[in-house]
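Below is one structure; the comments refer to it alone.
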Amino acid sequence: MSPQPQYLLNPIDYTQATQLLIILKNKGFHHLFRYENQVQCQNTLNLVDNEADPSIVLLIDIYRGQFNIYPLNSQVLTEFLDKIDWENGFLTPYKNHPNINWEEIYNRVGINRVGIDRHFKKTERVVFAGLLKENESYCIESLRKYFDQVRIDDEIFDSLVLPITNVQETINELKKNLDGNESLLTIEDAEKVSKYHLWKYKSDESINFLRLACSSNISGAYRVKNENGEWELASWIIHYTDGSIGSLYTDDKYRGKGYAKKVSSFIIIKMLENGYTQPYCYINIDNAASQKAMRGLGFQPATLTKWVIASKTN
């Protein structure tokens, strides 16, 4: 009889992950507004070391394959990362796990399956997203034990959250910023959004993700008639699979007209109407325009975060 796989963490479903939030709060885990949004999106594979007494939770984005990790402290984080068998692929032991319906997951992600697939073989690339800045050095130290390239990015992102005390009052206030030209993005908008997308590490996979985001029932677009009398996309913002909003952009020729405020107000309303109670975003600390726009709508800084990307080339 072949030995049973050794699971570092145990998979839990949406209901269990939602219930786990109460325990995480009681144990003093930090910045759980991000965890709450991610779980609500139901776009993650949710893993925990001990459901009754957790010390670490890992949410893997099923569309992008990136890791969002919630450790109780830095020691737990280091011990966990040091145990991962990157050579065999992090998800390989879970391939036949009875509590994970891979067929259902692959049916959902479609052509975006490459993010998950990379963790079923020798791991050549891993992304830790929205990592608390204070945990960056511990993460890098551990990853360097296996990966020969670990990008130490100088970009730092503010994690901003919008405090909500009364949902309907917030919606009513945000509607004052709208003029009726706001709408959802469509899949046809993805090409233009991709053209101006400011991801530092954009890849061939990015357009597939943006088509997904532009087809979502949560997004923001502002259209105006151009000189030819045709409706043109002037400003936009998207809802990411981790529950955050971002990639706020206004075409250069339409800047200074307040369109960014309109699409931001529109997407927040859509979030609240869809049951999200803690809208949040990541904004580069040096992006003065976006910082001003989101803080002007009431977003408040919660923590500084980094993206850590590790790869193995030999």
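The values are calculated or read from the model by the stated rules, or taken from the named source; none is laboratory data. Just so we're clear, the structure is a prediction, and the values are computed from it rather than from any experiment. Quick reminder, even Gly has a Cβ in these numbers, built from the backbone with ideal geometry, and neighbours come from all protein chains shown.
Quick look at the values:
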{"item": "Members of the stretch 210-253 found to be within 26 Å of residue 276 (Cα to Cα) and of a type in the set (S, T, N, Q), listed by number", "result": "215, 216, 217, 219, 235, 241, 244, 247, 250"}
{"item": "From 266, 299, residue being closer than 24 Å to residue 173 by Cβ and not assigned by TED's automatic domain parsing to the domain that holds residue 189", "result": "299"}
{"item": "Qualifying position, being outside the structural domain of residue 184 (by TED's automatic domain parsing) and without any contact (Cβ under 8 Å) to a residue 24 or more places away in the chain, among 292, 257", "result": "292"}
{"item": "Lone unmet requirement of (1) surrounded by 14 or more Cβ atoms within 10 Å (Cβ to Cβ); (2) within 27 Å of residue 168 (Cβ to Cβ) for residue 234", "result": "(2)"}
{"item": "Verdict on residue 50 being in a helix (DSSP H, G or I), surrounded by fewer than 20 Cβ atoms within 10 Å (Cβ to Cβ) and without any contact (Cβ under 8 Å) to a residue 60 or more places away in the chain", "result": "no"}
{"item": "So residue 241, is it under 30 Å from residue 124 (Cβ atoms), assigned to a loop (DSSP other than H, G, I, E, B) and among the β-branched types (Val, Ile, Thr)", "result": "yes"}
{"item": "Residue in the stretch 218-229 that is part of a loop (DSSP other than H, G, I, E, B), closer than 28 Å to residue 116 by Cα and modelled with pLDDT of 85 or more present", "result": "yes"}
{"item": "Residue within the stretch 75-90 that is at pLDDT 95 or above and closer than 22 Å to residue 159 by Cα present", "result": "yes"}
{"item": "Sole exception among (1) touching a residue at least 12 places away in the same chain (Cβ under 8 Å); (2) not in a helix (DSSP H, G or I) for residue 78, by number", "result": "(2)"}
{"item": "Residue list for the stretch 272-314, restricted to those being in a loop (DSSP other than H, G, I, E, B), of a type in the set (D, E, K, R) and in contact with a Lys or Arg (Cβ under 8 Å, 6 or more places away or on another chain)", "result": "312"}
{"item": "Residue count, the stretch 150-164 (criterion: touching a helix residue (DSSP H, G or I) at 6+ places or on another chain (Cβ under 8 Å) and assigned to a loop (DSSP other than H, G, I, E, B))", "result": "4"}
{"item": "Lone qualifier among 144, 151 - being more than 18 Å from the chain's Cα centre (by Cα) and surrounded by 13 or more Cβ atoms within 10 Å (Cβ to Cβ)", "result": "151"}
